[in-house]
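Single-structure report; data block below.
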Amino acid sequence: MIGRLIYSILSSDAALTALVPATKIFPYVLNENTDLPAIVYGIRDVSPEYTKDGWSLDNIEFTVVVITPSYSELQDIAVIVRDAMELFKGTVGTTTIQRIQMTGMNEQFLQDVNVFTSEMSFNVNVINY
């Protein structure tokens, strides 16, 4: 469902895949022994909306996390991820995506593994899975 759409948007962005190949974009968990940089995405919440006729759309909150050992590289990749995701709208397959909006971002340095992370939160309404 939405996970495939997130992957599709990220993996089809040429500027992004020049820095992070599609083979390094994962749902939920970074594969063991993956060379960095890499990206992990996940769904936080799905809130369906209904009308008197039934289901109308899902309001979905999701995150995209960039992981890299270089802060400069983190900044470069995060900008591209945001450009690829934010304000995206259209139809992918049979799914209609209303405008994706970024709702927040959190950067961290994880000393125990010596990497920088940027977690971006997004919100989108999705129709017709």
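For Asp83, state whether it is surrounded by 14 or more Cβ atoms within 10 Å (Cβ to Cβ), in a helix (DSSP H, G or I) and of a type in the set (Asp, Glu).
So Asp83 does not fit the description; no.
When you scan segment 99-118, how many residues do you find that are open to solvent by less than 70 Å² (accessible area, probe 1.4 Å) and either assigned to a loop (DSSP other than H, G, I, E, B) or aromatic (Phe, Trp, Tyr) (or both)? Step through it out loud before you land on a result.
Applying the first criterion (open to solvent by less than 70 Å² (accessible area, probe 1.4 Å)) to segment 99-118 yields 100, 102, 104, 107, 110, 115-118.
Filter once more, so that each one left must be either assigned to a loop (DSSP other than H, G, I, E, B) or aromatic (Phe, Trp, Tyr) (or both): 100, 116.
Of the residues in that region, 2 qualify.
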task = Give the residue that is nearest to Met85 (Cα to Cα), with candidates limited to residues of segment 39-57 that are among the hydrophobic types (A, V, I, L, M, F, W, C) and open to solvent by 40 Å² or more (accessible area, probe 1.4 Å).
result = Ile43
ask   = Of the residues in segment 7-28, how many are within 18 Å of Ser121 (Cβ to Cβ) and either without any contact (Cβ under 8 Å) to a residue 60 or more places away in the chain or open to solvent by 80 Å² or more (accessible area, probe 1.4 Å) (or both)?
value = 5
ask   = Can you find even one residue in segment 58-72 that is open to solvent by 80 Å² or more (accessible area, probe 1.4 Å), assigned to a strand (DSSP E or B) and under 24 Å from Ala15 (Cβ atoms)?
value = no
task = Could you list, in sequence order, all residues of segment 36-57 that are in a loop (DSSP other than H, G, I, E, B) and either at pLDDT below 95 or of a type in the set (Phe, Trp, Tyr) (or both)?
result = Lys52, Asp53
request  = Within segment 1-23, track down each residue that is aliphatic (A, V, I, L, M) and assigned to a helix (DSSP H, G or I).
outcome  = Ile2, Leu5, Ile6, Ile9, Leu10, Ala14, Ala15, Leu16, Ala18, Leu19, Ala22
inquiry  = Quick check on segment 68-88. Is at least one of its residues farther than 24 Å from Ala22 by Cβ and either within 13 Å of the chain's Cα centre (by Cα) or free of Cβ contacts under 8 Å to residues at least 40 places away in the same chain (or both)?
reply    = no
remark   = Taking first residues from segment 34-55 that are of a type in the set (Lys, Arg) and second residues anywhere that are open to solvent by less than 60 Å² (accessible area, probe 1.4 Å), the pairs with Cβ under 9 Å that are 6 or more apart or on different chains are Arg44/Ile60; Arg44/Phe62; Arg44/Thr63; Arg44/Ser121
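The values are calculated or read from the model by the stated rules, or taken from the named source; none is laboratory data. In this text, all values refer to a predicted model and were calculated from it rather than measured experimentally. Reconstructed Cβ throughout: ideal geometry from the backbone, glycine too, with neighbour counts over all protein chains shown. SASA here: full protein model, heavy atoms, side chains in, ligands and nucleic acids out. Shrake-Rupley method; radii C 1.70, N 1.55, O 1.52, S 1.80 Å.
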